[in-house]
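Beneath this line is the structure, given in structure tokens, with notes to follow.
The values are calculated or read from the model by the stated rules, or taken from the named source; none is laboratory data. This structure is a prediction, so every number in the text was calculated from the model and none was measured. All Cβ positions, glycine included, derive from the backbone under ideal geometry; neighbour counts span all protein chains shown.
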Amino acid sequence: MTAPGVDTRHFDALIEWSDEDSCFVGSAWPLVGQCCHGDTRAEVALLLEAIIDDLLDDPDWLRLVPEVRTRNYSGRITLRVSPEEHKLLAAKSASRGLTINSYVKERVLG
């Protein structure tokens, strides 16, 4: 069940492996951060779905959710680093045959 007027497509479920916890961890940004874990993606998906359903049924919780779910994003991010860090990024990306943008994107998003 979902709260009236809430478009659940704006709540992206994310299931990632956590080396620190040695398990899969689920989140549904911006509705909720890391909120469940399990041994398999399927197990976490079921837990995450139940958590999302519960939260979407709670109008008080939905009022706390930032409006990022309806915001349009340009796809551009500015990263501020020192000149030394910039040089290091350039060297690391060049050593892999990548642009700095591609290297950072690969490192951040996997």
>> What's the total number of residues in the stretch 62-93 that are modelled with pLDDT of 90 or more, in a helix (DSSP H, G or I) and farther than 17 Å from V108 by Cα?
In response: 4
> For the stretch 16-60, what are the residues that are more than 25 Å from V108 (Cα to Cα) and among the hydrophobic types (A, V, I, L, M, F, W, C)?
Replying inline: L46, L47, A50, I51, I52, L55, L56
>> Only one of T40, T99 is at pLDDT 90 or above, surrounded by 11 or more Cβ atoms within 10 Å (Cβ to Cβ) and touching a helix residue (DSSP H, G or I) at 6+ places or on another chain (Cβ under 9 Å). Can you tell me which?
In response: T99
> Is it the case that the stretch 46-59 has a residue that's surrounded by fewer than 11 Cβ atoms within 10 Å (Cβ to Cβ) and touching a residue at least 12 places away in the same chain (Cβ under 8 Å)?
Replying inline: yes
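For the structure I just gave you, tell me whether L31 is at pLDDT below 90, touching a helix residue (DSSP H, G or I) at 6+ places or on another chain (Cβ under 7 Å), of a type outside the set (S, T, N, Q) and surrounded by 11 or more Cβ atoms within 10 Å (Cβ to Cβ).
For L31, the condition - at pLDDT below 90, touching a helix residue (DSSP H, G or I) at 6+ places or on another chain (Cβ under 7 Å), of a type outside the set (S, T, N, Q) and surrounded by 11 or more Cβ atoms within 10 Å (Cβ to Cβ) - is met.
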